[in-house]
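Below is one structure, written out as structure tokens, with a few remarks after it.
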There are 2 protein chains.
Amino acid sequence: MFTVKQLSKLAGVTPRTLHHYDEIGLLKPSRVGDNGYRYYGEDAVLCLQQILFYRELDIPLNDIKKIMGRRDYDVMGALQSHKESLNKQAVRINRLIQTVENTIEHLKGTKTMSDEKLFEGFSEEEQEKYALEAEQRYDPETVRESNRKWKAYSAAKKKAILVESSTIYKDMIAAMPKGAKSAEVQAIVERWRAHMDYFWTPSLEQLLELAKGYNDDPKFKANFDKMHPQLAAFMRDAVKVYVESKK
Amino acid sequence: MFTVKQLSKLAGVTPRTLHHYDEIGLLKPSRVGDNGYRYYGEDAVLCLQQILFYRELDIPLNDIKKIMGRRDYDVMGALQSHKESLNKQAVRINRLIQTVENTIEHLKGTKTMSDEKLFEGFSEEEQEKYALEAEQRYDPETVRESNRKWKAYSAAKKKAILVESSTIYKDMIAAMPKGAKSAEVQAIVERWRAHMDYFWTPSLEQLLELAKGYNDDPKFKANFDKMHPQLAAFMRDAVKVYVESKK
DNA sequence: CCTTGACATTAACGTTACGTCAGGGTTTAT
DNA sequence: ATAAACCCTGACGTAACGTTAATGTCAAGG
């Protein structure tokens with residue numbers, strides 16, 4: 001039997017947390033003394049550990065109560081939908097990061113890449129040529145669709161998109177030392193994936209194909225090499241890790 | 001001049017939000033009529049738009065007030081540090097998604113470990129390294145003895161032993177919902193104890209030490225985590241119950 | 001002029017998961 | 001016996017509004 005303090009140390013929470021869990025009926029003490037003291041037994045310890053596990057997943061206490069309360073509760077379903085919400089959050093946060101970065105870039109203002117440099121590797125004509133080649137390398141319809149989408153953007157929007165992509169690659173280069181499997185790099189891959197939405201929405205397989213293409217297509221490769229000689233290869237590896245972790 | 005409703009529609013917020021911003025001094029109406037009505041002018045509209053921009057980045061209203069309050073405030077710095085925090089969140093969420101997915105997989109039970117995966121964490125060389133570390137963690141003579149015994153087995157026998165252990169752990173995972181004190185789990189602990197005989201015959205105290213080691217030794221912990229994120233912790237608890245029931 | 005409906009106001013509680021006192025008993029050790 | 005250390009039960013504070021509730025104001029039509 002443990003007192004609040006003892007159990008709290010054991011589990012790494014504060015006594016207040018235990019009080020709270022008692023209050024909301026999430027974890028009742030095994031026994032309550034005549035003096036009103038709470039006493040917790042082995043089973044309570046295990047139960048608490050379960051609770052803390054779910055809590056770490058950002059599952060609200062109310063849901064945890066449901067999950068652990070009835071034994072016929074659909075735990076799988078709860079986890080599935082929770083995963084959905086986590087995914088949405090991930091996508092959202094990645095967008096936010098992009099926006100913040102764009103804003104920072106914008107504030108820097110003076111130090112912005114000149115338009116020429118930015119468009120250097122992506123002039124309209126070159127874009128056309130790329131497109132033709134890409135049609136043979138990838139699915140023609142997809143490429144055409146992607147091109148249509150790109151052309152529909154305003155000049156300002158185009159620039160913003162290019163700035164965004166350059167930011168992503170810059171961050172990727174900075175994160176390369178962490179390794180392709182690192183959480184940082186994987187987070188950047190997420191951003192990259194979200195960024196692709198400006199052109200089209202690739203499946204996981206296509207995402208990998210695309211990253212491979214960065215290495216195999218000499219034109220693309222050249223543009224990546226300008227930024228960092230290992231970037232293209234690193235991207236391919238990082239995306240591979242990403243894709244495998246998702247399926 | 002706009003009234004609350006007009007401005008709220010214009011900006012896509014509720015009147016309550018404007019009330020709130022007035023309350024906390026984030027956005028005061030340009031003028032207040034004798035009837036107490038709030039009236040907002042052009043400048044207020046622009047200001048609100050700025051506020052909503054920052055708000056979308058998940059920046060707390062209090063910080064927004066600071067950012068917009070003094071014109072000498074370090075906006076860049078604020079954005080930079082905010083980006084850091086967003087990055088941390090992104091990393092964290094990705095970890096959570098991983099954990100949830102692992103948990104779902106294990107609940108499905110579909111995760112039939114292939115032989116490779118089974119041996120993955122227990123190749124001959126790695127075994128050696130574990131042994132060295134274990135010697136410092138546990139009793140050296142015991143570890144050496146256990147190693148001798150292991151090496152004496154034929155390859156087929158080794159594989160059979162590993163399969164058996166994986167069966168035990170799989171059963172254990174399946175029985176986790178029953179609780180560490182349940183008869184099912186305690187029966188599995190018995191099987192686990194018997195299984196240990198292939199290596200050595202631990203005393204009750206040593207059995208407990210071993211189970212604890214599964215949690216404290218990062219190498220071991222990693223292998224258990226592969227099977228189920230809570231398995232190591234659960235084993236420790238279950239063995240504790242077992243040992244206490246025996247003495 | 002009066003009614004009606006749309007709009008305005010302030011006040012105050014609800015939400016989440018506890019942190020942080022405050023005031024007052026209990027246990028343990030000296 | 002007395003102090004340290006621990007226990008308890010309130011109860012307010014947090015962030016950013018949502019949501020009634022009770023009530024006052026304005027413009028338009030009968």
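Here A:Ile97 meets the list (1) within 16 Å of DNA strand C (Cβ to nearest atom); (2) in a helix (DSSP H, G or I) almost entirely, failing just condition (1).
What residue, of A:Leu118, A:Leu86, is surrounded by 12 or more Cβ atoms within 10 Å (Cβ to Cβ) and at pLDDT 80 or above? Only one candidate qualifies: A:Leu86. Sort out which residues of the stretch A:75-94 are closer than 30 Å to A:Leu10 by Cα and either outside any helix (DSSP H, G or I) or facing another protein chain (nearest Cβ under 7 Å) (or both), and write them in order of number. Within the stretch A:75-94, A:Val75, A:Met76, A:Leu79, A:His82, A:Lys83, A:Leu86 qualify.
Take the conditions under 16 Å from the mean Cα position of the chain (by Cα) and either within 19 Å of A:Leu96 (Cα to Cα) or surrounded by fewer than 17 Cβ atoms within 10 Å (Cβ to Cβ) (or both) and apply them to A:Lys246. Does it pass? For A:Lys246, the condition - under 16 Å from the mean Cα position of the chain (by Cα) and either within 19 Å of A:Leu96 (Cα to Cα) or surrounded by fewer than 17 Cβ atoms within 10 Å (Cβ to Cβ) (or both) - is met.
Kindly indicate whether B:Gly77 is within 15 Å of DNA strand C (Cβ to nearest atom), without any contact (Cβ under 8 Å) to a residue 60 or more places away in the chain and not charged (D, E, K, R). Spelling it out, it is not the case that B:Gly77 is within 15 Å of DNA strand C (Cβ to nearest atom), without any contact (Cβ under 8 Å) to a residue 60 or more places away in the chain and not charged (D, E, K, R). Quick one: would you say A:Lys178 is over 21 Å from B:Arg95 (Cα atoms) and surrounded by fewer than 16 Cβ atoms within 10 Å (Cβ to Cβ)? When the stated conditions are applied, A:Lys178 does not pass them.
Could you check, for the stretch A:30-53, whether at least one of its residues is more than 9 Å from DNA strand C (Cβ to nearest atom), among the aliphatic types (A, V, I, L, M), within 11 Å of chain B (Cβ to nearest Cβ) and in contact with a Gly (Cβ under 8 Å, 6 or more places away or on another chain)? Yes, some residue in the stretch A:30-53 is more than 9 Å from DNA strand C (Cβ to nearest atom), among the aliphatic types (A, V, I, L, M), within 11 Å of chain B (Cβ to nearest Cβ) and in contact with a Gly (Cβ under 8 Å, 6 or more places away or on another chain). Just name the residue that is farthest from DNA strand C (Cβ to nearest atom) out of those in the stretch A:1-26 that are of a type in the set (A, V, I, L, M) and within 14 Å of another protein chain (Cβ to nearest Cβ). Residue satisfying both the conditions and the ranking: A:Leu10. Is it the case that some residue within the stretch A:192-210 is surrounded by 14 or more Cβ atoms within 10 Å (Cβ to Cβ), within 14 Å of chain B (Cβ to nearest Cβ) and among the charged types (D, E, K, R)? Among the residues of the stretch A:192-210, at least one is surrounded by 14 or more Cβ atoms within 10 Å (Cβ to Cβ), within 14 Å of chain B (Cβ to nearest Cβ) and among the charged types (D, E, K, R), which makes the answer yes. Among the residues of the stretch B:168-175, is any within 27 Å of A:Met68 (Cβ to Cβ), hydroxyl-bearing (Ser, Thr, Tyr) and either more than 14 Å from chain A (Cβ to nearest Cβ) or outside any helix (DSSP H, G or I) (or both)? Checked against the condition, which is being within 27 Å of A:Met68 (Cβ to Cβ), hydroxyl-bearing (Ser, Thr, Tyr) and either more than 14 Å from chain A (Cβ to nearest Cβ) or outside any helix (DSSP H, G or I) (or both), the stretch B:168-175 yields at least one hit.
Tell me, yes or no, whether the stretch A:211-221 has at least one residue that is touching a residue at least 12 places away in the same chain (Cβ under 8 Å), more than 14 Å from chain B (Cβ to nearest Cβ) and surrounded by 21 or more Cβ atoms within 10 Å (Cβ to Cβ). Yes, there is a match, as at least one residue in the stretch A:211-221 is touching a residue at least 12 places away in the same chain (Cβ under 8 Å), more than 14 Å from chain B (Cβ to nearest Cβ) and surrounded by 21 or more Cβ atoms within 10 Å (Cβ to Cβ).
Could we say that A:Ala222 is under 29 Å from B:Lys88 (Cβ atoms), assigned by TED's automatic domain parsing to the domain that holds A:Leu162 and aliphatic (A, V, I, L, M) here? Working first, answer last.
On the way: under 29 Å from B:Lys88 (Cβ atoms): no; assigned by TED's automatic domain parsing to the domain that holds A:Leu162: yes; aliphatic (A, V, I, L, M): yes.
So A:Ala222 fails the test.
The values are calculated or read from the model by the stated rules, or taken from the named source; none is laboratory data. Everything quoted here is computed from the prediction, not taken from an experiment. Every residue, glycine among them, receives a Cβ derived from its backbone with ideal geometry; neighbour counts consider all protein chains shown.
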